[in-house]
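The values are calculated or read from the model by the stated rules, or taken from the named source; none is laboratory data. All values derive from a computational prediction rather than experimental measurement. Note: ideal-geometry Cβ built from the backbone for every residue, glycine included; neighbour counts use all protein chains shown. For the accessible areas, the whole protein counts, side chains as well, though only heavy atoms, and no ligand, DNA or RNA atoms are used. Shrake-Rupley method; radii C 1.70, N 1.55, O 1.52, S 1.80 Å.
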Amino acid sequence: FFWFGSWCSSVSKGVRDLPGNLQSATSSVPSGKAFIYFGLFLAAGVFFVFIAFTMFLPVMVLMPQKFAICFTLGCGFIIGSFFALRGPKNQLAHMSSKERLPFTLGFIGSMVGTMYVSMVLHSYILSVLFSVVQVYWFFYLCHFRYSKDPVVV
């Protein structure tokens, strides 16, 4: 990872030395450190989502809270990776724009609800319900993310 960070910092230095308009056009290029944090958070998120679906989905009938917590952690890390890449201020502005806000509130609300019913209420039925809602929002948002007209994230 260290060679990647030094390579990205040399690219960033080269971008800073560009003249005028080209420099302003490339000022939103993330730093090498941002790419490293993005990769680490994304890898952790994919790991938790993978574990949720491979280990806990088959036994969801017995332990829905384990699936819910693991999947929610994975989603949180994936969202965090975009915060690391774009910066907190830019990502919050992006997620809270007029056309994205209902989707963002639905997904974040389902994440908070899932954690609450799993860790505080310890409710079996509500854990299953909120997990299903969260999985729906996750795949719904992924569809819009990679469609022609991206809506969220």
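Average accessible surface for the range 62-138: 52 Å² per residue, computed with a 1.4 Å probe over protein heavy atoms with every protein chain in place. Projected label points at S97 and V46, each 7 Å from Cα along the beta carbon direction, are separated by 2.6 nanometres.
At 0.36 nm per residue, and after removing the present C-alpha to C-alpha distance, how many nm does the segment from V59 to Y136 gain when stretched out fully? Provide the component values of the computation, followed by the final result.
Numbers: separation 77, 0.36 × 77 = 27.72 nm, distance 1.92 nm.
Full extension from V59 to Y136 adds 25.8 nm.
A probe of 1.4 angstrom, applied to the heavy atoms of all protein chains, finds V59 with accessible area near 50 square angstrom.
At full extension, I108 and K89 could sit 5.1 nm farther apart than now, given 0.36 nm per residue minus the alpha carbon distance.
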